[in-house]
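Values quoted throughout were computed directly from the atomic coordinates according to the rules given, and no laboratory measurement underlies them. All figures in this text were calculated on a predicted structure; none of them were measured in a lab. Cβ coordinates were reconstructed from backbone atoms using ideal geometry, including for glycine residues, and neighbour counts include every protein chain displayed.
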Amino acid sequence: MNMVRRVLILLVIALVVAAAGAWLWHAAQPYKGYESAEQFVDLRPGDGPGVIGRKLVAAGVVSDRWTFRLVLWQSGAARRLKAGEYRFDRPMRAADVVEAIARGQVYLRPVTFPEGLTIREMARIFEARGFGSAGSFVDAARANVGLVSDIDPDARDLEGYLFPETYSLSRHAGAAELVRMMTTRFRQVFTRDLREAAAARGLTPRQAVILASIVEKESARPEERAVIAGVYLHRLQVKMPLQCDPTVIYALEALGEYHGNLTRANLRVDSPYNTYRYPGLPPGPIDSPGRSSLEAAAHAEPVDYLYFVSRNDGSHVFARTLAEQNRNVRKYQVDFFRRKRLQQQPH
């Protein structure tokens, strides 16, 4: 009888060892139970191991909940699992899935802000990429103005200080987190050296950013920007109105009255941003300038030009006198568009 009992015990042990071995072999096999090229799993703050296991199994990332829970127990990582969106694009062992979540290897989504956008334009991109409402971005840009108070104590929002670039964000990153990233990047670009160069030209940091935001709108050619900055500084020096169309457009957009074309009536709008009516720089930046424009404002070229006009190819021609400017306007604007209209007429 004892012999039979010993045989049964040995048989049970053998079965347990075989089962454990089979499970270890199964758990060690890479698994992919979804048909698409990639699979996303969104783990929310507060999700416990049970919820996480169910989400991973439902997504086809892990074969079954028992495998997940046993591997999780074996790893000792149950309290280190991190919330976030995870991307899976290949067969993975359950242990590797657990390790990725414990390390917080969250999938980051890129969002790009081109140069020359206003806060409201950036807010629309923020919303379109699915990170939150446009209103939350605008609110964050106003509530977090303290992020630049040492550079610009007069700032009422972060217009001009949200550096245009591509940022990588987790799905659950909020507007406040993003504006912190953008102002941090602005500070890295708008260095102490640039601020000191601007001061040598009589500009406070705020004035330099305002000038850079104007330059950003006026020219897409980096090689021209320091010259254009110099033109505006020359106008300020001789007490001439800046007469800058982009500042008027900014004022009209704030009022909801800009419809794509700047008219003579628009130039009479009563706004401190209307540099045809009010002397000096506008009260604040009109967009977020990029590196080239910030450098151009800080290193504005000392020029004797007072005017410039577009050649309609992205470049500008500069003039010292109003008579010279009028000739350039006729050549590059009046005559150019007259010829264009004639060419478009049916023969």
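Brief remarks follow.
- Three-way shape label, region 306-347, alpha-carbon gyration tensor, a/c 1.5: oblate
- Which of K239, K55 has the fewest Cβ neighbours within 10 Å, and the rest in rising order: K239, K55
- Estimated from the Cβ-Cβ distance and a Förster radius of 25 angstrom, the FRET efficiency linking R268 and Q333 is about 0.75.
- For the chain, the relative contact order is 14 percent, taking Cα pairs closer than 8 Å that sit 6 or more residues apart in sequence and dividing their mean separation by the residue count.
- R0 of 56 Å, Cβ-Cβ distance A200-R93: FRET efficiency to nearest 0.05: 0.40
- Once the chain from E257 to D154 is taken as fully extended at 0.36 nm per residue, the excess over their C-alpha distance is 34.4 nm.
- R0 of 56 Å, Cβ-Cβ distance Q237-R171: FRET efficiency to nearest 0.05: 0.65
- Computed from backbone phi, the HN-Hα couplings of region 101-113 come to 6, 5, 7, x, 7, 6, 6, 10, 9, x, 9, 10, 10 Hz, rounded to whole numbers (Karplus: 6.51 cos²θ - 1.76 cosθ + 1.60, θ = phi - 60°; Gly and Pro given as x).
- Amide H contacts under 5 Å for Y307, placed H, 5+ residues apart: A319
- Spacing of the two label points (7 Å from each Cα toward its C-beta) at A128 and F40, in nm: 1.7
- Here each label is just a point 7 Å from Cα along the line to Cβ, and for L322 and A78 those points are 8.3 nm apart.
- Amide H within-cut-off set for S170, under 5 Å, with H built and near neighbours excluded: R109
- Rounded to the nearest whole Hz, the Karplus-based 3J(HN,Hα) values (6.51 cos²θ - 1.76 cosθ + 1.60, θ = phi - 60°) of region 54-71 follow the sequence 5, 5, 5, 5, 4, 7, x, 8, 10, 5, 7, 5, 5, 4, 4, 5, 5, 5, with x at glycine and proline.
- 3J(HN,Hα) couplings calculated from phi for region 124-134 with the Karplus curve 6.51 cos²θ - 1.76 cosθ + 1.60 (θ = phi - 60°) are, in sequence order, 5, 5, 4, 5, 5, 7, x, 8, x, 7, 4 Hz; Gly and Pro show x.
- Using C-alpha pairs below 8 Å separated by at least 6 residues, the relative contact order for region 306-347 is 32 percent.
- As a rough guide to protection, the peptides 267-280, 94-107 ranked by mean Cβ packing within 10 Å, highest first, stand as 94-107, 267-280.
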